[in-house]
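The values are calculated or read from the model by the stated rules, or taken from the named source; none is laboratory data. Small disclaimer: the values here were computed from a predicted structure and weren't measured. FYI the Cβ positions are ideal-geometry reconstructions off the backbone, even for glycines, and counts take in every protein chain you see.
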Amino acid sequence: MDATAQIGGRSVYQFLNLPGSTKQAALGGRVLTAVGYDPTTAIFNPATINPEMNNQLQVNYANWLGDVNYGTAAYAYTWDRHVQTFQVGVTYLDYGNFDGFNEQGVATGEFGGNDIAVSAGYSYNIPFSDIYLGANVKVISSRLEQYSSIGGAVDFGALYYDEDKAVRIALVVRNIGTQFTLYNEVREPLPLEVAVGFSNTMKKLPLRLHVTLENLQQWNLAFSNDANAQTDLDGNVIDEDPGFFNNVLRHTIFGLEFFPEQPFQIRLGYNFRRGQELSIQDTRAFSGVSAGFSLKINKMRFSYTHARYTLASHTSLFGVNINLQ
């Protein structure tokens, strides 16, 4: 297995890469072009902050894998049409309690761990253009047993939004930052990510297509899976060769929104990398598939997403949006 193709386990604060909203989770885990009412979508691309988010409060919660509690929340406020819109958000992950033991196997009691990031974002529409520029500033805190770390990061986003053609193109550079205090006197990098996104709303169909290319800062994501190796007639082991096209797909996420401008919306997504890395041979587990919906009732909108990882691992996310105007 090619270790250089892995992107996990090399940096701290990995929780920053979890989906920021039920909408993102339903559309494959990454959406950079979601311009609308939900201020938590701006956690991933601050350029999507817009006046439609004004006085909107969104809260999302998931009982993540292994009973880990995960949630996000955000609020946006439009100062005026010249200054435009500000957003504040929080991302929280609680790992729960663990039984502690020393080197001799003697119980030392329970311990816990959690991560939290508080962000402030702003987006600005360049006058007389369809280009929006945005930035997030984040303060990050992480604790596990007696070890803790504090860090800071910024995100930069750009969005081209042609309302007439209903086309959106985005570029995002996330998690540029450093640790201010270290876990154990070892400085580790943050999970830097470069990604681009595209979306298009069909003219004659109630359908919006999203395509995201994630983790472009590291091109080679494909690796040889030992479980897929084959043995020839002479007993030679032939390693799997994922190939160029397979590697391209591992950067790719597809999402579909049905009835995107209506009170009731249906969302479907497929994350190719998740599907490839978590699939089980000769077993249909639907790894990488996600689906959800949202329903608006008066000034509240409720949303739900179900995301598949493996046969034994899947998660549900719940969200509520409140219009405070």
*From Asn125, Asn102, Asn63, grab the single residue that is modelled with pLDDT under 95 and within 25 Å of Ala25 (Cβ to Cβ).*
Asn63
*For the stretch 90-127, how many residues meet the condition of being buried (at least 16 other Cβ atoms within 10 Å of the Cβ), under 25 Å from Tyr147 (Cα atoms) and of a type outside the set (Val, Ile, Thr)?*
9
*Residues of the stretch 247-275 being over 15 Å from Thr33 (Cβ atoms) and among the β-branched types (Val, Ile, Thr), which ones?*
Val248, Ile266
_If I filter the stretch 14-36 down to residues being surrounded by fewer than 24 Cβ atoms within 10 Å (Cβ to Cβ), under 10 Å from the mean Cα position of the chain (by Cα) and of a type outside the set (S, T, N, Q), which single residue comes out as nearest to Val167 (Cα to Cα)?_
Leu18
*Taking Phe101 as the residue in question, decide whether it is farther than 23 Å from Ala42 by Cβ, touching a Ser or Thr at 6+ places or on another chain (Cβ under 8 Å) and free of Cβ contacts under 8 Å to residues at least 24 places away in the same chain.*
yes
*Hits in the stretch 284-308 - residues which are touching a residue at least 24 places away in the same chain (Cβ under 8 Å), within 18 Å of Ala62 (Cβ to Cβ) and among the charged types (D, E, K, R)*: Arg301
*Restricting attention to the stretch 183-201, which residues are touching a residue at least 24 places away in the same chain (Cβ under 8 Å) and either within 17 Å of Asn17 (Cα to Cα) or surrounded by fewer than 16 Cβ atoms within 10 Å (Cβ to Cβ) (or both)?*
Asn184, Glu188, Pro189, Leu190, Pro191, Leu192, Glu193, Ala195, Val196, Gly197
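Yes or no, residue by residue, for (1) closer than 18 Å to Gly36 by Cβ; (2) of a type in the set (Phe, Trp, Tyr):
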position: Ala74; (1), (2): yes, no
position: Gln84; (1), (2): yes, no
position: Asn102; (1), (2): no, no
position: Phe128; (1), (2): no, yes
position: Lys138; (1), (2): no, no
position: Arg143; (1), (2): no, no
position: Ala170; (1), (2): yes, no
position: Thr178; (1), (2): no, no
position: Glu188; (1), (2): no, no
_Answer from Val83, Val90 - the residue that is among the aliphatic types (A, V, I, L, M) and in contact with a strand residue (DSSP E or B) (Cβ under 8 Å, 6 or more places away or on another chain)_ = Val90
_Extreme residue, nearest to Asn215 (Cα to Cα), among residues of the stretch 129-175 that are assigned to a strand (DSSP E or B) and of a type in the set (Lys, Arg)_ = Arg174
*Hey, does the stretch 150-166 have a residue that's modelled with pLDDT under 95 and buried (at least 21 other Cβ atoms within 10 Å of the Cβ)?*
yes
_Identity of the residue in the stretch 128-149, charged (D, E, K, R) and either more than 21 Å from the chain's Cα centre (by Cα) or surrounded by fewer than 16 Cβ atoms within 10 Å (Cβ to Cβ) (or both), that ends up nearest to Gly20 (Cα to Cα)_ = Arg143
*Is it fair to say Tyr183 is out of contact with any strand residue (DSSP E or B) (no Cβ under 8 Å at 6 or more places or on another chain) and over 25 Å from Leu213 (Cβ atoms)?*
no
*Can you name every residue in the stretch 143-165 that is under 25 Å from Tyr122 (Cα atoms) and either in contact (Cβ under 8 Å) with a residue 60 or more places away in the chain or among the polar types (S, T, N, Q) (or both)?*
Gly151, Ala153, Asp155, Phe156, Gly157, Ala158, Leu159, Tyr161
*Of residues in the stretch 37-87 being part of a loop (DSSP other than H, G, I, E, B) and either touching a residue at least 40 places away in the same chain (Cβ under 8 Å) or within 16 Å of the chain's Cα centre (by Cα) (or both), the one surrounded by the fewest Cβ atoms within 10 Å (Cβ to Cβ)*: Asn55
